[in-house]
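Here is the structure we will look at.
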Amino acid sequence: EKYPEEKNLQSYWNDNKGALLAFITQIVHGIRGFVFDSKTKIPLSGVVIHVHGIQHNVTTYRDGDFFRLLSSGKYDITVERIGYESETKTNIFVTNQSSTYVEFKLKRIDFYDDQQYLLAIKTFYNQSKTFIRRPIVFYILAALAISVICVIVVFYVRRRSCSSCRLFTNSRRYEILAQDDTNSSLIHQTNGDKIVRDTDVVPNEWEDDADEYTLFTSKANISTAI
């Protein structure tokens, strides 16, 4: 019935309760567990949980816990995280009764003590040295270095030249005009009287004033003599 009567609801619930609970418990079938740092025992978040043969991966949460829904069977599981050595556990059995608990402890990679890492660096260095020692590569690198040096020198010379030109142009604005001989200080003596030329007076005006003053002095002397 689509709409059973109220008196029949209890019987329907008793008949379907087991199936509903079985369906709900299906979501907990699989694997669950934690991932820790092997030295500090701190839970690790962001660790990738890879089940071999299945493309979809899961990652650990903030507290290092994870859960992966799987059907019953046997699985190989690998966990990975940057900065740590990966760890693989094989033949993990998953049943249809409950989830299987799995715990991983990852070892941090010490880059200074890891011999494999040092060997890789040494190999890379030797390969680079062999490559650079080739004549063609050496000539190319030398040409590039010389080109860069030439560009720097040319840029520096041009910059200095522009600075010198600007300095010379600015200095000419404040250059003092040289005085010619006609504007130099002169001393004129007439009948024992000295006449000092004022350099601020125009030469022609000064000469006229000097003549008038000399004439006036001569007339005064003549009058005195008479």
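The values are calculated or read from the model by the stated rules, or taken from the named source; none is laboratory data. Here the structure is a predicted model, which is why all the values come from computation and not from measurement. A quick note on method: Cβ atoms are made from the backbone with ideal geometry, for glycine too, and the neighbour counts reach across all protein chains shown.
Is it the case that ARG62 is over 11 Å from PHE104 (Cβ atoms), in the same structural domain as TYR101 (by TED's automatic domain parsing) and in a strand (DSSP E or B)? No; evaluated as a whole, the condition is false for this residue. In region 15-28, the condition of being at negative phi, assigned by TED's automatic domain parsing to the domain that holds ILE92 and assigned to a loop (DSSP other than H, G, I, E, B) is met by no residue. For region 29-40, a tally of residues being in contact (Cβ under 8 Å) with a residue 12 or more places away in the chain and surrounded by fewer than 12 Cβ atoms within 10 Å (Cβ to Cβ) returns 1. For region 44-91, the candidate set comprises residues that are in contact with a Gly (Cβ under 8 Å, 6 or more places away or on another chain) and of a type in the set (A, V, I, L, M); within that set, the residue that is surrounded by the fewest Cβ atoms within 10 Å (Cβ to Cβ) is LEU69.
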